[in-house]
């Protein structure tokens, strides 16, 4: 949860240059479902930023070794808390360092298995992203329904009070018109 006018940062460490950094976020509830964000390199330079974004799913290359910061800023909201679902991953691709002859023999025999594992991993990542997408839309729909339900409730309360006030007003007007003393005649 990110309170109004609050800035919150999260950090990920990149061990070596060239590692892939994945950054995903989606605003689940609050206000207009938007947030400001920034991604900083270890030297403090802003590499990615956006304003009034609802969701983002990117992968970029970490070119510098060190701590990357991922900041969310709810400065534009004066009353709405924001619930944000986010994920930061640093992916390195470890390779086995073997002599050239052994590496060629190993790669020839394990290539189909490695390819299958890569495909399964890719499909699982795709399933996770799809599930996140549906969860985000479910949460946004729930927040919309909850807000609409609240508006309908208050509208019906106000409408009921107006109806009671009109009924009471009508009773007093009818009583006033039919009272004994109100049958005065005027000469013109």
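The values are calculated or read from the model by the stated rules, or taken from the named source; none is laboratory data. Given the structure is predicted, the values throughout are model-derived calculations rather than measurements. Note: ideal-geometry Cβ built from the backbone for every residue, glycine included; neighbour counts use all protein chains shown.
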Please go through (1) at pLDDT 80 or above; (2) within 27 Å of the chain's Cα centre (by Cα) for residue 78 and return the number of the only condition it doesn't satisfy. (1)
Taking segment 1-60 as the region of interest, how many residues are more than 25 Å from residue 136 (Cα to Cα) and in contact (Cβ under 8 Å) with a residue 60 or more places away in the chain? 5
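With respect to residue 83, determine if the residue is modelled with pLDDT under 85 and surrounded by 12 or more Cβ atoms within 10 Å (Cβ to Cβ). Talk me through it step by step, then tell me what you get.
Numbers: modelled with pLDDT under 85: no; surrounded by 12 or more Cβ atoms within 10 Å (Cβ to Cβ): yes.
When the stated conditions are applied, residue 83 does not pass them.
From 21, 46, grab the single residue that is surrounded by 14 or more Cβ atoms within 10 Å (Cβ to Cβ), outside the structural domain of residue 132 (by TED's automatic domain parsing) and at pLDDT 90 or above. Let's see the steps before the verdict.
On the way: 46 fails: surrounded by 14 or more Cβ atoms within 10 Å (Cβ to Cβ).
On inspection, the qualifying residue turns out to be 21.
If the requirement is being more than 32 Å from the chain's Cα centre (by Cα), modelled with pLDDT of 90 or more and assigned to a helix (DSSP H, G or I), which of these qualifies: 156, 160?
Working: 156 fails: more than 32 Å from the chain's Cα centre (by Cα).
Exactly one residue qualifies, and that residue is 160.
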